[in-house]
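Data block below; observations after.
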Amino acid sequence: MRRTSVPFSAMRAVFITYHHSDHNGDIGNLLLLGWPGLTEAVPVIGPPPLNAVIKNFLEANRYDIDIRTQDKERPGLDGLIEPREIYGPA
């Protein structure tokens, strides 16, 4: 997004097709790096275990997230990510 000059605030949703590293490897980093430009929650849509992927990323970065929330007076990153698990055909 930075290379194309598209601001992170333009992100309306993220869709994960399936959980292989080439599809979801940087979802957390995308949202973490875009955090300063996010003004509203971003739906992150994908199959299970999407909720666990997002939760574990946030917990792994909790120390940094908490410091930046306090020092920069940012809204919490947790509230700016809306994971939505969807189920496909069995």
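Quick check on VAL6: is it of a type outside the set (Lys, Arg) and either loosely packed, with under 13 Cβ neighbours inside 10 Å or modelled with pLDDT under 95 (or both)?
Working: of a type outside the set (Lys, Arg): yes; either loosely packed, with under 13 Cβ neighbours inside 10 Å or modelled with pLDDT under 95 (or both): yes.
Criteria met by VAL6.
The residues in region 1-37 that are touching a helix residue (DSSP H, G or I) at 6+ places or on another chain (Cβ under 6 Å) and small (Gly, Ala, Ser) can be counted, and the count is 4. As for region 58-74, it holds no residue that is within 17 Å of GLY88 (Cβ to Cβ) and out of contact with any Lys or Arg (no Cβ under 8 Å at 6 or more places or on another chain). Every residue in region 45-59 that is in contact with a helix residue (DSSP H, G or I) (Cβ under 8 Å, 6 or more places away or on another chain) and either within 13 Å of ASN29 (Cα to Cα) or among the acidic types (Asp, Glu) (or both), please. Answer for region 45-59, where residues must be in contact with a helix residue (DSSP H, G or I) (Cβ under 8 Å, 6 or more places away or on another chain) and either within 13 Å of ASN29 (Cα to Cα) or among the acidic types (Asp, Glu) (or both): VAL53, ILE54, PHE57, LEU58. Within region 48-74, the set of residues being surrounded by 14 or more Cβ atoms within 10 Å (Cβ to Cβ) and of a type outside the set (Phe, Trp, Tyr) comprises LEU50, VAL53, ILE54, LYS55, LEU58, ASN61, ILE65, ARG68, THR69, ARG74.
Kindly indicate which of ILE54, ILE27 is β-branched (Val, Ile, Thr), within 11 Å of the chain's Cα centre (by Cα), modelled with pLDDT under 95 and at negative phi. Explain how you work it out, then say what you get.
Details: ILE54 fails: modelled with pLDDT under 95.
The match here is ILE27.
Among the residues of region 1-44, what is the count of those that are part of a loop (DSSP other than H, G, I, E, B) and of a type in the set (Asp, Glu)? Let's see the steps before the verdict.
Filtering region 1-44 down to residues part of a loop (DSSP other than H, G, I, E, B) leaves 1-7, 11-13, 16-20, 25-26, 38-41.
This time we only want the ones that are of a type in the set (Asp, Glu), so: 26, 40.
Residues in region 1-44 being part of a loop (DSSP other than H, G, I, E, B) and of a type in the set (Asp, Glu): 2 in total.
The values are calculated or read from the model by the stated rules, or taken from the named source; none is laboratory data. These numbers come from a predicted model, not from an experiment. FYI the Cβ positions are ideal-geometry reconstructions off the backbone, even for glycines, and counts take in every protein chain you see.
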